1. Applying the selection to segment B:1-45, what residues are more than 23 Å from residue A:180 (Cβ to Cβ) and in contact (Cβ under 8 Å) with a residue 24 or more places away in the chain?
2. Are any residues in segment A:157-176 surrounded by 17 or more Cβ atoms within 10 Å (Cβ to Cβ), farther than 17 Å from residue A:124 by Cα and at the interface with another protein chain (Cβ under 7 Å from one of its Cβ atoms), and if so, which ones?
3. Residues being more than 16 Å from DNA strand D (Cβ to nearest atom) and more than 21 Å from residue A:93 (Cα to Cα): count how many of those fall in segment A:36-67.
4. Take segment A:54-84 and flag every residue that is touching a strand residue (DSSP E or B) at 6+ places or on another chain (Cβ under 6 Å) and buried (at least 17 other Cβ atoms within 10 Å of the Cβ).
DNA sequence: GTATGTGAAGTGATTCACAGCG
DNA sequence: CGCTGTGAATCACTTCACATAC
């Protein structure tokens, strides 16, 4: 859905007011069939013989994603990654409002990020309640990740996006999603094997994949 | 596979020399059956009645991922995200060697990142050849992403990890993987819906998911 | 005529359960 | 006896194809 939303935003910017499943499929490179099936999960907006109304469909997707409201999020960890994420997610186009950034290092507390002063991580649960934060982005070192989760289990936090390279555990009722940037590059590495210098022993995995006809 | 590799590294650090599929499953929270099926893709190392040899299995996974060799990668874009990625991926534990960082802004060219001087993006194809870069991380603004791809199509680059929030197109033979951080948070947002203030109309999507028994 | 929405078929991934090996 | 490795069943997702609505 987020991919469709991005494509719709681009289409809207270039003046299109309507889009067919095939046009969307081309923009997102996917098949038209799957686009239609995906969009059928929404309270539909498609018109047969015409296509989808761009603005209306974008609205439906935003509702589906729960970002028709600019959801309040917090960033935990104001290192390079946390800071980069804070800036990136502050663009309201993505559907979020970065309301607080936390760090445990005295040198960073009070420093500005975007237009926020970095808060002490010790105040995390209080700030989550005070600012009604619903989602938290975890961008702390691996060793600290689980303790961040533990600190907010008794708040109304709904979801955690974990960038720390360890799986964290949270009770039911708090959704967790893990993103590991090294993992992404490792998976790419597998599918993009080096050209063997000495083509002697055959590799354990597949060779270069087939062309897209 | 990367998840297993991470778990194995942790197990190794805590003195374990052997691990069962069930132990790995717990560490990665997955089912033991799928762990075994996944690992069966490797030139096996499992011993019935005992489990897997931690060091041997880690080696097999690294080979599978093509990182038994510390693959040379380049980072294109030395903004906040590019810089954060350069630092993160410079940890040799992940299996990569960051050999160059590029940017097109005159203010940044020559500045140090990790222990590299930022290079001019105009020199990208030459540097890819000179340094034998195999993978590129794209961390540039959306508008510049496709031109980065176009600049390296005639080199021996094997894969591109694209962090720019636009789909980029590359010819067959160059693997592309897309990571969109806003998308990840949006997907989390969908699965972690806000608690409705006025529980009047039923939501279009599923409610809070079932507990993990 | 055109493009959606959706049963039905096909394909791939997960789970089960157990034979086989150490 | 324990744990792997894997056929067989199950489940989910994708693709096809067309009736349906505009």
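1. B:17, B:18, B:20
2. Just the residues of segment A:157-176 that are surrounded by 17 or more Cβ atoms within 10 Å (Cβ to Cβ), to begin with: A:157-168, A:170, A:174-176.
Right, trim to farther than 17 Å from residue A:124 by Cα and you get A:163-168, A:175-176.
Passing the criteria: A:165, A:167, A:175.
3. The number of residues fulfilling the criteria is 0.
4. Result: A:54, A:71, A:72, A:73, A:74, A:75, A:76, A:78, A:82, A:83.
A quick yes/no check of all residues on (1) surrounded by 15 or more Cβ atoms within 10 Å (Cβ to Cβ); (2) under 20 Å from the mean Cα position of the chain (by Cα):
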position: A:3; (1), (2): yes, yes
position: A:16; (1), (2): no, no
position: A:25; (1), (2): yes, no
position: A:30; (1), (2): yes, yes
position: A:34; (1), (2): no, no
position: A:38; (1), (2): yes, yes
position: A:48; (1), (2): no, no
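Computed from the coordinates by the stated procedures, all read-outs in this text should not be read as laboratory data. What you are looking at is a predicted structure, and each value in this text was computed from that prediction instead of being measured. We place every Cβ from the backbone using ideal geometry, glycine too, and count neighbours over all the protein chains shown.
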